[in-house]
1. Report the extension gain between Thr110 and Asn220 in nm, rounded to one decimal, defined as 0.36 nm multiplied by the number of residues separating them, less their alpha carbon distance.
2. What part of the accessible area of the stretch 14-86, given as a whole %, is carbon or sulfur when the probe is 1.4 angstrom?
3. If you take the beta carbon distance between Glu201 and Ala39 as r and set R0 to 35 Å, what does 1/(1 + (r/R0)^6) give as a FRET efficiency, to the nearest 0.05?
4. In a shell of Cβ-Cβ distance under 13 Å around Pro60, excluding Pro60 itself, what net charge do Lys and Arg (+1) and Asp and Glu (-1) give?
5. Set the bar at 30 Å for Cα to Cα. Now go through Lys27/Lys47; Lys180/Lys258; Lys45/Lys136; Lys27/Lys195; Lys136/Lys195 and name every pair that lies beyond it.
6. What does the extension gain come out to for Asp181 and Asp95, with contour length at 0.36 nm per residue minus their alpha carbon separation?
7. Roughly how much of Tyr208 is accessible, in Å² to the nearest 10, using a 1.4 Å probe?
8. For Glu235 and Asp58, what does the FRET efficiency come to when R0 = 30 Å and r is the distance between their Cβ atoms, rounded to the nearest 0.05?
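The values are calculated or read from the model by the stated rules, or taken from the named source; none is laboratory data. Just so we're clear, the structure is a prediction, and the values are computed from it rather than from any experiment. All Cβ positions, glycine included, derive from the backbone under ideal geometry; neighbour counts span all protein chains shown. The accessibility values were calculated without ligands, DNA or RNA, using every heavy atom of the protein model including side chains. Shrake-Rupley method; radii C 1.70, N 1.55, O 1.52, S 1.80 Å.
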Amino acid sequence: MYVLLCVVLLICFGRLLFIDAEFRTLKLKAEDSAGRQHAITVKLKSKYPTEAPDFSADLPVPLVITWTSQSTLANVHSQFLLNVEALSEFWSVLDEIDEQTWVLEPEKPTKADSMRRIAIGNNVSIKVQIDPRHPKMLPECCLLGAEHGRHFSYLQISLFISTPLLLRFPACESVLQNMKDVLEIEFPSPTTHEKSSFSVECGICYSYRLQSAIPDQVCNDPRCGQPFHQVCLYEVRFLMWYRQSFNIVFGECPYCSKVIFKLITKTQQTHHKKNHFI
């Protein structure tokens, strides 16, 4: 009866998005100050409301909900709104990137995704990791691509790393604009380029997207620059030869036979040893 009363109140206030037939799993909807739509899933337990429900939501940080035996689902909704409002600036940063650049990965970002791989040119991209709690600060960046495709010099990259944070990323500018200023580039956008311009197929499997992965390894020779999925490179064992030095795997490019290399993680090392790749 108590659950039914709570549900009726939620319906009256337009907050209920879904409820199952057993009145145990509910989804509550919320709209933040920027008009973004959010949802929180609430799973009630047998001793509800004495026992706290399980909560889950599509957020880049842990969801914080305080529950007491006097709490109600309306209280949960209010606390959820506080959680999403605290991330409003984070989502605004990503919205600008999504709207003004070609995002290669993830293909369909969720509200929990804090990484974007942004196209810069043919076979060249930059992977950006935004801090959800400090979205205006310098993001973690990783440049991907063949040397000839880069639209910036190593001097620019050095300045990007060594310049003091406040000089490098003035707070009055957006993260995207600061990246443009530091690297002295204009990112291709949906208004200037077709996405197909950056969807270059893997040189081994001849497909662009392999499950959820896109080609993320590129031949280092500027005359070649052929992209590959890293899993494809390991499957063919770099075709001719391969060797490992610490956490770097060296092998020949299947196209031009020049040396290409890849940093691997401990998990990858274990996997490759098990499969006799290394």
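1. On the way: separation 110, 0.36 × 110 = 39.60 nm, distance 3.24 nm.
Additional length available on full extension: 36.4 nm.
2. On the way: 2030 of 3940 Å².
The value for the stretch 14-86 is 52 percent carbon and sulfur by accessible area.
3. So the FRET efficiency works out to roughly 0.45.
4. Details: positive: Lys111, Arg116, Arg133; negative: Asp58, Glu89, Asp113, Asp131.
Taking every Cβ under 13 Å from that of Pro60, the sum is -1.
5. Listed pairs above 30 Å: Lys180/Lys258; Lys45/Lys136; Lys27/Lys195.
6. Net length gain for the segment: 29.1 nm.
7. Accessible surface of Tyr208 is approximately 40 Å².
8. Values: r = 33 Å, r/R0 = 1.11.
That gives a FRET efficiency of 0.35.
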